[in-house]
Ligand code: MSP
């Protein structure tokens, strides 16, 4: 059984969950659900990053203890992810002992090996990002934050450093040798370009500040005057969660999913730490681009973040599965940003879900109700009919969807499922079962057998499409399977369930149910749902 370990960034608990956090976690969820269906031993991990200075500062501003603040916001992330229907197998909080103990151990190991040493640091610090930027980056941005545009601070600190410079060569070799280690391609080239300019050692500790909560964060082993820099311990979550006898086999991770903002930490700093610890490197670090909102970058100052409340409002009006479909198939998975726009959402929703999947399912079930008393017709086994070779058509889309999942191409995976629906619509249009029905004189009429064949083929194709839609739209796909009287697969069921008239093919005589309208059409002038 293949092992698949999928991670998302762990999110800062100073913010409310928004579309960006939901998007990365959704990508992980679709991949995880597909791999489970394919029979892999899957671990999907997400969680929260809690020891950042800005979390402490925010709690203070809000007048609550940092732990209470973190509890509250970690819960907001859990709730958001439940709302979105995510199937993460674990949710890690960096304030948990299981993380803290192991992360300290990793740091200790790097101290022991000489990879971490004590030195002086003078540099340009970006307080918003909690990171130092290099002299050249600082200069290029006129000593302002490349992210927020606020002035950088010159800081001098006694710090522990990680000997990143020592890994320059090995990292470059690893990236060269493994073309899919950093994806997409454009991001890989960026990292290689930056690597070739040389690597400097990076600070991995911060002086403890006055008033810091004694057990918030992780202290440097044997030097409690320094806290481990939040980024360094946060990265350790990916390993700390599986570094147990039961879960050890999940390492190395199959894929770390994240966005371009935090690629350097994941593609360079973290792998170098792992090399230092003698651990295998993750197989893939995948950095997608950004969602923007109605054509504009989302920012605090514009106040245009698409927050979880807005996604919830979309979910109530159009269903969470419709939101999942739109985000997963139109998201910024490649190197270019994607726009979340209401007009575009409505177009996709109407074309693909209301007029596409939803309409096709109700058309087929309605005809079965009308012409076969709502029971799956007994059809002869004619594999090619109406110009369509159904077994090979469904088989090739299933294979293509699988390949697309392995290539982390959610648009293509989803649209291979959609292509089956389109083929059913086309088949209905060419074979015209509604017209044929008018000619049927009785059960012995060959036209009756043709009608049975057409409707059986439509429902069987729809069944396979619904299976491939499951990772994207778990509830709606299950509703389609229910409508046509098909069995909902167990993990590992992908092969058996997608085989045409196979073990789980539709059984003649099984009742079909008229579902509730799956996706109601939206009028073009309906205003966007309000949070
Ligand atoms: N805590 C760090 C990550 C530590 S991982 C060891 C962090 N947290 S964050 O809350 O700021 O989340 C950043 C991540 O949220 C991005 O890498 C991305 O996965 C997601 N997104 C945030 N804004 C986004 C968009 N506008 N669009 C898409 N995803 C984005 O960084």
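When 83, 171, 152 are checked against the criterion of being in contact with a strand residue (DSSP E or B) (Cβ under 7 Å, 6 or more places away or on another chain) and either assigned by TED's automatic domain parsing to the domain that holds residue 268 or closer than 30 Å to residue 250 by Cα (or both), a single residue qualifies: 152.
Looking only at residues of the range 145-157 that are surrounded by 14 or more Cβ atoms within 10 Å (Cβ to Cβ) and out of contact with any helix residue (DSSP H, G or I) (no Cβ under 7 Å at 6 or more places or on another chain), we find that the one that is modelled with the lowest pLDDT is 157.
Here is a yes/no grid of residues against (1) more than 27 Å from the chain's Cα centre (by Cα); (2) on the phi > 0 side of the Ramachandran plot:
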position: 136; (1), (2): yes, no
position: 142; (1), (2): yes, yes
position: 146; (1), (2): no, no
position: 159; (1), (2): yes, no
position: 190; (1), (2): no, no
position: 199; (1), (2): yes, no
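Of all residues in the range 5-25, those that are more than 10 Å from the ligand (Cβ to nearest atom) and crowded, with 23+ Cβ neighbours inside 10 Å total 2.
Restricting the range 26-49 to residues that are under 10 Å from residue 88 (Cα atoms) and assigned to a strand (DSSP E or B), the residue that is farthest from the ligand (Cβ to nearest atom) is 42.
Being in the same structural domain as residue 284 (by TED's automatic domain parsing) and farther than 30 Å from residue 27 by Cα is a property that does not hold for residue 130.
Here the condition is being away from the ligand (no atom under 12 Å from the Cβ) and within 13 Å of the chain's Cα centre (by Cα); of 312, 279, 283, 324, it holds for 324 alone. Close Cβ contacts (under 6 Å, 6 or more residues apart or on different chains) running from residues in the range 488-515 that are farther than 15 Å from residue 462 by Cβ to residues that are assigned to a loop (DSSP other than H, G, I, E, B) comprise 492/39; 494/38; 496/503; 496/504; 508/376; 508/378; 511/374; 511/485.
Filtering the range 223-256 to residues that are over 25 Å from residue 31 (Cβ atoms) and more than 16 Å from the ligand (Cβ to nearest atom) leaves 223, 224, 225, 226, 245. It is to be established whether one or more residues within the range 53-75 are within 9 Å of the ligand (Cβ to nearest atom) and either in contact with a strand residue (DSSP E or B) (Cβ under 9 Å, 6 or more places away or on another chain) or not assigned by TED's automatic domain parsing to the domain that holds residue 412 (or both). The answer is no, given that none of the residues of the range 53-75 is within 9 Å of the ligand (Cβ to nearest atom) and either in contact with a strand residue (DSSP E or B) (Cβ under 9 Å, 6 or more places away or on another chain) or not assigned by TED's automatic domain parsing to the domain that holds residue 412 (or both). Listed by position, the helices (runs of 4 or more DSSP H) enclosed by the range 354-462 that each have at least 2 residues that are more than 37 Å from the chain's Cα centre (by Cα) and buried (at least 16 other Cβ atoms within 10 Å of the Cβ) are 359-372, 433-439.
Would you confirm whether any residue within the range 259-269 is within 30 Å of residue 343 (Cα to Cα), in contact (Cβ under 8 Å) with a residue 24 or more places away in the chain, touching a helix residue (DSSP H, G or I) at 6+ places or on another chain (Cβ under 6 Å) and within 16 Å of the ligand (Cβ to nearest atom)? No: zero hits. Note on the range 498-516: among residues that are assigned to a loop (DSSP other than H, G, I, E, B) and out of contact with any helix residue (DSSP H, G or I) (no Cβ under 7 Å at 6 or more places or on another chain), the one that is surrounded by the most Cβ atoms within 10 Å (Cβ to Cβ) is 499. Assigned to a loop (DSSP other than H, G, I, E, B), in the same structural domain as residue 385 (by TED's automatic domain parsing), crowded, with 19+ Cβ neighbours inside 10 Å and touching a residue at least 60 places away in the same chain (Cβ under 8 Å): does that describe residue 472? For residue 472, the condition - assigned to a loop (DSSP other than H, G, I, E, B), in the same structural domain as residue 385 (by TED's automatic domain parsing), crowded, with 19+ Cβ neighbours inside 10 Å and touching a residue at least 60 places away in the same chain (Cβ under 8 Å) - is met. For the range 336-353, a tally of residues being surrounded by fewer than 17 Cβ atoms within 10 Å (Cβ to Cβ) and touching a strand residue (DSSP E or B) at 6+ places or on another chain (Cβ under 9 Å) returns 3.
Looking at this structure, is residue 354 within 12 Å of the ligand (Cβ to nearest atom), in contact (Cβ under 8 Å) with a residue 24 or more places away in the chain, outside the structural domain of residue 113 (by TED's automatic domain parsing) and more than 30 Å from residue 178 (Cα to Cα)? The answer is no for residue 354.
Among the helices (runs of 4 or more DSSP H) confined to the range 224-327, the ones with at least 1 residues that are under 24 Å from residue 166 (Cα atoms) are located at 230-235, 237-240, 270-277.
The values are calculated or read from the model by the stated rules, or taken from the named source; none is laboratory data. Computed from a predicted structure; not experimentally measured. Reconstructed Cβ throughout: ideal geometry from the backbone, glycine too, with neighbour counts over all protein chains shown.
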